[in-house]
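The values are calculated or read from the model by the stated rules, or taken from the named source; none is laboratory data. Just so it is clear, the model here is predicted, and its values are computed rather than measured. Here the Cβ is made from the backbone with ideal geometry for all residues, glycine too, and neighbour counts use every protein chain on show.
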Amino acid sequence: MVKERNEHFVLYASVFNTFDLLCEQIGKEAACDYIRAIMEYGFDGVIPPRNNPAWLYGFEKDKISIDNAQARYEKSQVNGAKGGRKKAKIDMERLCRLKETTKMTWDEIANEFPPYSKRTLQRRYSDYIEQNGGCGDEVLNFDDEENATNATEP
């Protein structure tokens, strides 16, 4: 059975750097042999014979990188077919309380919610405010984040 040719594969900058060094220091023929071995492996799964100089130029580490990237891609395809990664469960009541009743920065708040990033918490907070018109029973006036005020205050 003939393996179907890959339409794409991940090629890291380190491969180009090796190719470039080979061009400069050994010659274009060696560089072409190396890049051909990489391309044949990436597209067709062909492993060069052990006496091929590509092995001396780092083919093995590049092969591992290509294999790992392909495995990540295949895993993401499977997970995507299942509907993607599950949305993080964040205690929005606690997040709102920390953001609205303390002087904590987003960095400090993020430290309270490992492993979520500051950006994830900001996005979820913003979405929550937009969908619910605020946190809890009160609606906040966000003219600027530094001076957020309760819209029900006189």
Quiz item: Of the conditions (1) among the small types (G, A, S); (2) part of a helix (DSSP H, G or I); (3) within 30 Å of Y125 (Cα to Cα), G42 fails just one. Which one is it?
Solution: (3)
Quiz prompt | Subset of segment 15-52 [hydroxyl-bearing (S, T, Y) and under 19 Å from R72 (Cα atoms)] | solution = Y41
Quiz item: Name the pairs whose Cβ atoms lie under 8 Å apart, with the first residue in segment 93-115 and among the β-branched types (V, I, T), the second surrounded by 12 or more Cβ atoms within 10 Å (Cβ to Cβ), and 6 or more positions between them or separate chains?
Solution: I109/L95; I109/L98; I109/K99; I109/K118; I109/L121
Practice problem: Scan segment 67-92 residue by residue and report those that are in contact (Cβ under 8 Å) with a residue 12 or more places away in the chain, in a helix (DSSP H, G or I) and not aromatic (F, W, Y). | Solution: A69, Q70, M92
Quiz prompt | Qualifying residue in segment 64-79 (condition: touching a Pro at 6+ places or on another chain (Cβ under 8 Å) and under 18 Å from H8 (Cα atoms)) | solution = no
Quiz item: Hey, among L22, L98, L56, which residue is out of contact with any helix residue (DSSP H, G or I) (no Cβ under 6 Å at 6 or more places or on another chain), among the hydrophobic types (A, V, I, L, M, F, W, C) and at pLDDT 90 or above?
Solution: L56
Quiz item: In segment 106-154, which residue that is in a helix (DSSP H, G or I) and modelled with pLDDT under 50 is surrounded by the fewest Cβ atoms within 10 Å (Cβ to Cβ)?
Solution: E146
Self-check item: Unique residue being at negative phi and either under 26 Å from the mean Cα position of the chain (by Cα) or hydroxyl-bearing (S, T, Y) (or both) when the list is D33, D20, D62
Solution: D62
Self-check item: Residues within segment 19-30 that are of a type in the set (K, R) and surrounded by 14 or more Cβ atoms within 10 Å (Cβ to Cβ), tallied
Solution: 0
Quiz item: Listed residues N68, N79, N111; which is out of contact with any Lys or Arg (no Cβ under 8 Å at 6 or more places or on another chain), closer than 30 Å to D44 by Cβ and not hydroxyl-bearing (S, T, Y)?
Solution: N68
Quiz item: When the residues of segment 31-77 are filtered to those that are among the aliphatic types (A, V, I, L, M) and surrounded by fewer than 18 Cβ atoms within 10 Å (Cβ to Cβ), which remaining residue is nearest to E4 (Cα to Cα)?
Solution: V46
